[in-house]
Amino acid sequence: MTDTDLSTKYTRVVKTSLGQWVQAMVVKEPLAATPQIHWKGVGRMLPVRALPENVEQARRAALKDRRFFRQCERCNEVRPVSLILEAGVCMDCIHKMQAVAA
């Protein structure tokens, strides 16, 4: 996935009368049948009239914030921290390894 794809999938922008707030996806209980998705603010608020390229740059920068995102040791894709499980491997890779083993 490209950085733009990742930022679209794992971040969002909330617009308020005070500005634009970049938020990162946080998955609660990722192994549950119905994981809960929450959003948490990252960085500082952007101006109300921020240029679209500045907003996109802020979304891509959020992907580098280790409080919210990490890189999978196996597939090298950036994922929300809560989706990186055993030994730095993401949930998708673990499911693929289990499917091969079965």
>> Among the residues of segment 33-52, what is the count of those that are surrounded by fewer than 13 Cβ atoms within 10 Å (Cβ to Cβ) and assigned to a loop (DSSP other than H, G, I, E, B)?
In response: 7
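Tally up the residues in segment 60-102 that are under 27 Å from residue 13 (Cβ atoms), of a type outside the set (S, T, N, Q) and assigned to a loop (DSSP other than H, G, I, E, B), please. Lay out the reasoning, then the answer.
In the first step, residues of segment 60-102 are kept if they are under 27 Å from residue 13 (Cβ atoms); the result is 60-72, 75-84, 90-92.
Among the residues that remain, those that are also of a type outside the set (S, T, N, Q) are: 60-70, 72, 75, 77-81, 83-84, 90-92.
Then drop every residue that is not assigned to a loop (DSSP other than H, G, I, E, B), which leaves 63-68, 72, 75, 77.
Looking only at that region, the number is 9.
Mind telling me which of the residues 55, 48 ends up being closer than 14 Å to residue 22 by Cα, out of contact with any Asp or Glu (no Cβ under 8 Å at 6 or more places or on another chain) and touching a residue at least 40 places away in the same chain (Cβ under 8 Å)?
On the way: 48 fails: touching a residue at least 40 places away in the same chain (Cβ under 8 Å).
The unique qualifying residue is 55.
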> List, please: which pairs have Cβ atoms under 7 Å, are six or more places apart or on different chains, and start with a residue in segment 1-28 that is assigned to a loop (DSSP other than H, G, I, E, B) and end with one that is of a type outside the set (Ser, Thr, Tyr)?
Replying inline: 1/77; 18/45; 19/45; 19/46; 19/47; 19/48
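Where a number appears in this text, it was derived from the coordinates with a stated rule and is not lab data. Owing to the predicted nature of the structure, the values given are computational and were not obtained by experimental measurement. Please note: Cβ atoms are built from the backbone with ideal geometry, for glycine as well, and neighbour counts cover all protein chains shown.
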